[in-house]
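Here's the structure, in structure tokens; my notes come after.
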Ligand code: AHR
């Protein structure tokens, strides 16, 4: 009897421990360690959260759970690393021990967790990285917001609120270690930089909490009395500010704007609807998107991109209802044919031909009725094509624009006709982002491509014998890949003064253009260039031909780095003529068609959808050449 009682007590203890484990890890079930017995469970998703202190991280876990509840054959196991890299490393090993099929991770530290993420990814378990991007592309998908853009949206709104008169703005700075906060503040300052009549007073809290914000505002009463707007970069801080401003009796005088815009009592949206906040810029959490993409990855569907940058919205009392209904508008795909008008920039390069092919092929698979117009590098012809699509009454318009600017008017016409526009491969820059003239951008990260090209140069072209001269052969003037590749390249160049740009000219992304730039240089100069950075392969190959015609040996006398990594570029690397090719992937058809179908289901579109890209040089070109499909 005594023994039976002991066993009973042990059993109760065991059950209590098991229950506690489940509660701590927040999992719906406790799967077997080897993942063997998983009755009724098709897939287990492990979620490694950096910490559960920050509000939005809790919101992310809640959103992930709410989403998985809709798919009963999916189970989620959640771990909390409590802000410790060591614990997060251990958590991931435990999750793998449980037999997870996919890992979602919000890393404590993007640098320190990078190797572990790569290890899991290389082992064949798909990894979705959230919120903080790790360097390189050794993960399946990254989903996160653009905090700098969020800060810019808040800044532009405040500038508009104050108008030409300007005014006094108090900027609240929370924890200096908050990456999110620093990026938002950067964007905010960037947006108000050109308004000399806005006077900014900075208040440093040292913490991102409601209480610290409250205390600071009360203590800074004399400053607050003279201010027009207070900017707080999180909902938490904003709540403290709202309470303090109320207690100071200044509610009718001082406007408060924040970022986060979470749903829930006393969060941003609630505070806007109560009139306590003038506006909030929503920071999308991404849980819904993470589960959506996780399912696509687990079902091995095509069209999963490499990075999804979520869209943030400015929410005011005037548009709150519209925004809330947008957030809840998604419906199931009815599979109907979608009529799409596509304005393609031209046929300037092999890259472009592969891009057009990929779009045409994917359209058939995704039941898209595609009407493509090729503009031969003319913005006027693109305007005509877009207006034609509007008249035809297509469901969606897609544009790959020849240049970045000058699109506002025609995009407004599409918006007025109720036709959403997607930017493909190249983006536009519009006067007022809040007009939401485009739904999303799908394509490459051109800035990163430029950075990669310069990083390769830094790591592979020695400077022991002196400074190295670079010739830059650019694409057509005003095109987003021209501008952004140039910017990214210069960003890394600025930290490496042993290299400098000696000559820069436009080759318009064509073979002939690349030849011309080298020819014109040689007409006026002796060859004294150490490195050519060509912004695409066609121009690099043209430059190589011209160099050879002048007896200059490519790669030996001058290193040549280009962007695109087409099959021709691989052949040139294998021949020992091209030194390095940074990939820009034209095969975006499936991803684009998936985005179009999502749009058709009224899903909220991300801000940017970025494709996967690598860097190749002569050392590895031979291993990859047979696998190149463009
Ligand atoms: O927009 C992408 C760029 O345009 C490619 O790098 C280039 O080859 C093309 O013409």
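Values in this text are rule-based calculations from the coordinates and carry no lab data. Not measured: the values here are computed from a predicted model. Glycine gets a Cβ as well: all are built from the backbone with ideal geometry, and neighbour counts include every protein chain shown.
Where Rh denotes the Kirkwood radius from the mean inverse Cα pair distance, what is Rg over Rh for region 519-561? Radius of gyration over Kirkwood radius for region 519-561 works out to 0.92. Over region 446-584, the reciprocal of the mean inverse Cα-Cα separation, the Kirkwood hydrodynamic radius, stands at 14.4 Å. Here each label is just a point 7 Å from Cα along the line to Cβ, and for residue 274 and residue 118 those points are 4.8 nm apart. The listed peptides 91-97, 584-590, ordered by packing as a protection proxy, come out as 584-590, 91-97 (highest mean of other Cβ atoms within 10 Å first). Calculate how steeply helix 589-600 sits against the longest principal axis of the alpha-carbon atoms of the chain, using the helix alpha-carbon long axis, and give the answer as 0 to 90 degrees to the nearest 10. Helix 589-600 sits roughly 40 degrees off the main axis of the chain.
The alpha carbon centroids of region 298-317 and region 318-335 are separated by 15 Å. Helix 480-493 and the longest principal axis of the Cα set of the chain meet at an angle near 80°.
Measuring between their Cα centroids, region 452-498 and region 575-630 lie 21 Å from each other.
One Cα centroid belongs to region 165-205, the other to region 233-259; the line between them spans 15 Å. When peptides 350-361, 404-415 are ranked by their average number of other Cβ atoms within 10 Å per residue, the highest-first order is 350-361, 404-415. When peptides 237-244, 72-79, 315-322, 534-541 are ranked by their average number of other Cβ atoms within 10 Å per residue, the highest-first order is 534-541, 237-244, 72-79, 315-322. Could you grab the relative contact order for region 147-282? Cα pairs under 8 Å, six or more apart, rounded to a whole percent. Answer for region 147-282 is 25 percent.
To the nearest 10 degrees, how steeply does helix 179-192 sit against the main Cα axis of the chain, on a 0 to 90 scale? Approximately 60 degrees, to the nearest ten.
Using Cα pairs under 8 angstrom and six or more residues apart, how large is the relative contact order of the chain, in percent? Relative contact order, the chain: 10 percent.
Share of pairwise Cα-Cα distances greater than 23 Å in region 150-275 is 23 percent (whole percent). Each residue in 395, 464 was given a count of other beta-carbon atoms within 10 angstrom of its own, and listing them fewest first yields 464, 395. In this entry, the chain is assigned a mean projected area of 34.7 nm², taken as a quarter of its C-alpha convex hull surface.
Only helices enter this figure: runs of n ≥ 4 DSSP H residues, each worth -39500 (n - 2.57), summed and divided by the residues of the chain, yield -13000 deg cm²/dmol at 222 nm to the nearest 500.
With the simple model of a label 7 Å out from the Cα in the direction of the Cβ, residue 337 to residue 226 spans 6.8 nm.
Beta bridges from DSSP with both residues in the chain: antiparallel share about 10 percent, rounded to the nearest 5. Computed over the alpha carbons of region 127-215, Rg followed by Dmax gives 15.9, 50 Å.
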